[in-house]
Structures are given as structure tokens and as C-alpha cells.
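All of the numbers you see were taken from the coordinates with simple rules; none came from a lab. Here the structure is a predicted model, which means the values were calculated and not measured. Cβ coordinates were reconstructed from backbone atoms using ideal geometry, including for glycine residues, and neighbour counts include every protein chain displayed.
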Amino acid sequence: MNTITIAIGCDHAGFTMKSELLEVLREKGFQILDFGTHGTDSVDYPDFVHPVVKAILNGNAYMGIIMCGSGNGVAITANKYKGIRAALCWNEEIASLARLHNDANILALPVRFINLAQLHSIVGQFLNTPFEGGRHAGRVCKIDPEQD
């Protein structure tokens, strides 16, 4: 049984794919924190990204998955937080590199540009790829500069 907790949030554009993904992740034994949305009525994506980020920062979730039409809005919102590295991924290779080289802790998905098969392969790649460390560790440390 997998004990990793994943926080998930999306806007109305991501609701259908999120619903599909939740079922698969639960079947694989992941613990899920679902921060919504819970329907297709128009909503504001930041309202569903902030709780995902906070769950990661306070240690209640190991990783996050966020979704909107283009993936840009959710990624921009998440990346406002120190310690968060949200990566917009639209294929397996980008997802793998986001984990290997950037130690991304949130996967941002552009649901209007991927299908269900791609959703599953991208998420699987992201969740199963470890951070490579090494020369990349120093670069990742430079992402959150100290403020004067």
C-alpha cells in the first residue's frame, strides 16, 4: 500500500480529468487531499491552488497536482510561494525532467491540451521519477533567493 499523500486542486476546466485521476490514484493506494472544485460551474482557479500549496508547505501532502485549461494560471499561482516548484507539463519527458532536474513538487496540467491517456502517463511519470540531485541540487537552491 502506497502511503504518499497527494494534494489535488483544479478549476471547472479540470474537473472531469480530476475526477478520473482521483479514482486511479486511490486504486494505486495514494492518499488524496481533494481541494476541489467539485463541479463544472465556473470558478476562480487560485481558490483551489492555494490549499494545495499550503498542504505541501505544512507537511500534510508530499506532492500536488493542479489543473486548469492551459495550466499556466495554476502554475503561476503556485509558484508565488517560497519552496514550491510547480511545473507545467504536457508530456512525459517534460514531467520526467521537471522531477529529475528541478525537484518539482507540484504538477500543473493543461487539461484542454491533453487527453486521458496523456493525463495518466504524465502523472505516472511525474510521481515515479525521483530528483536526480547532484549538479541540479545547487540550482534548485537558487530558485528561492534570500531576500535582503
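Couple of notes before you dig in:
- Residues GLU27 and ARG139, FRET efficiency given R0 of 35 Å [Cβ-Cβ distance, rounded to 0.05]: 0.45
- C-alpha long axis of helix 92-102 to longest principal axis of the chain, angle in °: 40 degrees
- Cα-based helix-to-principal-axis angle, 116-128 vs the chain, degrees rounded to 10: 30 degrees
- Net lengthening on full extension, GLU132/ASN115 (0.36 nm per residue, minus Cα-Cα): 3.3 nm
- Given their separation in residues at 0.36 nm each and the Cα-Cα distance between them, ASN91 and SER70 gain 6.2 nm when the chain is fully extended.
- Each Cα pair under 8 Å and six or more residues apart adds its sequence gap; the mean of these over the residue count of the chain is a relative contact order of 22 percent.
- Listed peptides 61-74, 13-26 appear in the order 61-74, 13-26 once ranked by packing, highest mean of other Cβ atoms within 10 Å at the front.
- Of the residues VAL43, ALA108, LEU22, the one whose Cα sits farthest toward the positive end of the charge dipole of the range 5-141, with +1 on the Cβ of Lys and Arg and -1 on the Cβ of Asp and Glu, is ALA108.
- Amide H contacts of LEU88 (H built 1.01 Å from N, under 5 Å, at least 5 apart or other chain): ALA108
- Acute angle (nearest 10 degrees) that the helix 46-57 long axis makes with the longest principal axis of the chain, alpha-carbon atoms: 50 degrees
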